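Structure first, then comments.
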Amino acid sequence: MTEPDIWDERVAGAIAALRQRLTGDYEVDEFGFDKHLTDSVFLPLLRPLYRNWFRTEVVGAENIPTEGGALVVANHSGTIPLDAVMLAVGVHEAAQRYLRLLGADLLFRMPVLSELARKGGGTLACNPDAERLMRAGDLVGVFPEGFKGVGKPFADRYKLQRFGRGGFVSAALRTGVPIIPVAIVGAEESWPVLAKVTALRAFGAPYLPIPASPVPLPVRYHLRYGPPLRFAGGPDAAADPTAVAIAAREARTALEQLLDGACAARDGVFR
Amino acid sequence: MKVLVTGATAPLGEAVVRGLVAARDVELVLAIGREPSHDALARLDPARLVYRAVDLTRPRALHDLVWGEARERGVDAVVHDMLHRSARDRGSGVHAQNVDAVRELVLACTDHPTIRRFVYRSYGEVYALRHTTSDLVDEEAPLDFDPASPQWLRDRVEADLTVCAHLGGPLSIAVLRCAEILAPGVGSQLWDYLQSRFCLRPLGFDPMLNVLSLEDAAAAIAAALRGSATGVFNVPGRDTLPLSAAIEESGRGDLPVPGPLLAPLYGLRRWLAGSEFRYGMNVRRFHFGGVLDGTRARGELGFMPRTPVHWPRAWWHLLLERLGARA
């Protein structure tokens, strides 16, 4: 397709999307996920960042299930969690599926971010919502390190922080879906935190992050998907704290190995 | 089945009475209201409908009704929906109608010789919406015990718990926590909110809402009357949508405004226009999603919302729609 054809197609697509928007011919699910807005606005805006700015390399995309529910578990880092957004774009690029990200309550107190997160498919990181989505056959993305991952010092890059109390594992056990570990490499260096100002905080945030650069650095992102983890015991095991702890440890170990492998395999931060 | 329906002159009560009078399995409806008479009910089949004006805030009148006429007529089920609708009114009289009357009525029905079933219409607003709670609110979700809440809400929480306290007793009780009914005259905050030409909402927030039609609310009550399941049931409506879409559906202008400005602006509107809408009562649901999870009602009562709400569209919007349909 020639360059003018591509632009013709893009303009026609934009007009069609705008028309659909204005006529109200789109659906929003009970969590606020606006598939039409995601397809016509969010993904087209984020794809250049994913493809051209971060030049994301993907390994193991075949491990993303093509159908049915699954829990995608990844490491977390960066001044603001751009890694989560890139992971959602990556899953859509690789499997044409939407990743329903679980976000901290803080996110849903913040104006604009709250609205964007909901329309983009995000919901509160709590077991009832995660289980409902996975039962409905959705891919759910979770970052068990939470704020500890985002706020860790640069010296601790790619060192997994504490994994909470394994709530994410019990949700997977209860719904019987596999866990897909994903190592995200590159996010730690793309926008490291220079300082945290605790005196300036808003909307309940623990600190105001001061990034080391005005925009994220164009480091190369690597997404490495591991094979699905399935745990024995099923829903009964979800009520057993020992079984949950063992499964959480296995998921963490799998993620650590993927992370170490991805870090060792890259030639450099920007290449 | 013989049913006593309180609040029969209100839009929901009237819809319930109409449905019951039309049903084959209902022999008699004993409709209770505060007004001496009600034109719409007077037009229904007098052989199957008896209307009585009773002030349920008077314990003697309530006792005489339940243990007098209701017993003599062999009433076997009660639907209670007689809470004060307006958020403007407050005070001990309103509390007596909202809470004391419920307490007295459920007590009078317990150990009654003929009444076996008690259906109480409660409100989805009793749940505490927080940024830390799930978007989908099930029956186990925490209730709003905030002492700073307006009386309208505090009374509803208290009345709900008053009825719930009798669960497990001899009376078969179903508490229906209904989503907001979007219709005129039912005390809907959202209905009043959507009357403005421009609807202001908090900038950067577009929470999910669920609204219930009058028809579905009446259907849920009818399903609970005929069922035997006891406990608390969420009753969601068919329409689940973001606040911005609700504004759009109503043909109003959607105007996002920084959150802190909304309380004074709506306070001013209330002062100037004497409107029902209280931003303070809606501030949480205008920020955080809150959609009732109706799984239990679907499974145990067989209730499924079917009828979409009738949006409060402006007259010119309706005219354009009609002209468009004719063309």
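The values are calculated or read from the model by the stated rules, or taken from the named source; none is laboratory data. None of the values given here were measured: they were computed from a predicted structure. All Cβ positions, glycine included, derive from the backbone under ideal geometry; neighbour counts span all protein chains shown. Accessible surface is based on the protein model in full, side chains and every heavy atom, while ligands, DNA and RNA are left aside. Shrake-Rupley method; radii C 1.70, N 1.55, O 1.52, S 1.80 Å.
Counting only protein heavy atoms and using a 1.4 Å probe, the accessible area of residue B:39 comes to about 110 Å². Solvent-accessible area of residue A:159, all protein chains in place: 110 Å² (probe radius 1.4 Å, heavy atoms, ligands and nucleic acids excluded). Among beta bridges from DSSP that stay inside the stretch A:28-265, the antiparallel ones total about 40%. If you sort A:132, B:116 by accessible surface, 1.4 Å probe, largest first, the order is B:116, A:132.
Note on residue A:18 and residue A:116: the model spin-label points, each 7 Å out from Cα along the C-beta direction, lie 2.2 nm apart.
Just the protein heavy atoms count here, and of the accessible area of chain A at 1.4 Å, carbon and sulfur take up 59 percent. Taken as entire DSSP H runs, the helices of chain A that both span 27 Å or more between Cα atoms along their own long axis and average -0.5 or more on the Kyte-Doolittle scale are A:3-22, A:241-265. Multiplying the residue separation of residue A:230 and residue A:62 by 0.36 nm and subtracting their alpha-carbon distance yields 58.8 nm.
Computed from the C-beta positions of residue B:88 and residue B:198 and an R0 of 22 Å, the FRET efficiency is 0.45 to the nearest 0.05.
Ordered by 1.4 Å accessible area with all protein chains kept, B:286, A:270, B:145 run largest first as B:145, A:270, B:286.
Highest-first packing order for the peptide set B:261-271, B:130-140 is B:130-140, B:261-271, based on the mean count of other beta carbon atoms within 10 Å.
Ordered from highest to lowest accessible area with the whole protein assembly present and a 1.4 Å probe, A:6, A:80, B:173 read as A:80, A:6, B:173.
Only Lys, Arg, Asp and Glu carry charge here, each on its Cβ (+1 for the first two, -1 for the last two); on that basis chain A has a dipole of about 800 debye about its Cα centre. Once you have a ≥ b ≥ c as the square roots of the Cα gyration tensor eigenvalues for the protein assembly as shown, tell me rounded if a/c is under 1.5, and otherwise prolate or oblate according to whether a/b is larger than b/c. Prolate.
Residue B:79 contributes an accessible area of around 0 Å² to the protein surface, as traced by a 1.4 Å probe with all chains present. Specify whether the C-alpha gyration tensor of the stretch A:104-252 places it in the rounded, prolate or oblate class, a ≥ b ≥ c being the square roots of the eigenvalues: rounded for a/c under 1.5, otherwise prolate if a/b is larger than b/c and oblate if not. It is prolate, given that a/c is not under 1.5 and a/b is the larger ratio.
If the chain linking residue B:71 and residue B:22 were pulled fully straight, counting 0.36 nm for each residue of separation and taking away their Cα-Cα distance, it would gain 15.4 nm.
Helical runs (DSSP H, four residues minimum) scored at -39500 (n - 2.57) apiece and divided by the length of chain B put the mean residue ellipticity at 222 nm at -9000 deg cm²/dmol.
Counting lysine pairs in the protein assembly as shown whose alpha carbons fall under 20 angstrom apart, excluding pairs fewer than 8 residues apart on the same chain, gives 5. Buried on complex formation within the stretch A:81-113 (loss of at least 40 square angstrom of accessible surface versus the isolated chain, 1.4 Å probe, ligands and nucleic acids ignored): A:105, A:109. For the pair residue A:260 and residue A:27, the difference between a 0.36 nm per residue extended length and the Cα-Cα distance amounts to 79.7 nm. Surface composition of chain B: carbon and sulfur make up 55 percent of the accessible area, probe 1.4 Å. Here the stretch A:184-209 is scanned for amide nitrogen atoms under 13 Å from the site 7 Å beyond the Cα of residue A:269 along Cα-to-Cβ, giving A:186-194.
Buried accessible surface for the B/A pair, both sides summed and rounded to the nearest 100, is 1700 Å² with a 1.4 Å probe. Residues of the stretch B:126-148 whose accessible area (probe 1.4 Å, heavy atoms of protein chains only) drops by at least 40 Å² once all protein chains are present, relative to their chain alone: B:131, B:134, B:135, B:136. With contributions of -39500 (n - 2.57) from each DSSP H run of at least four residues, the per-residue ellipticity at 222 nm computed over chain A stands at -11000 deg cm²/dmol. In a DSSP loop and with at most 11 other Cβ atoms within 10 Å, the GluC sites (Glu not before Pro) in the stretch A:46-114 are A:67.
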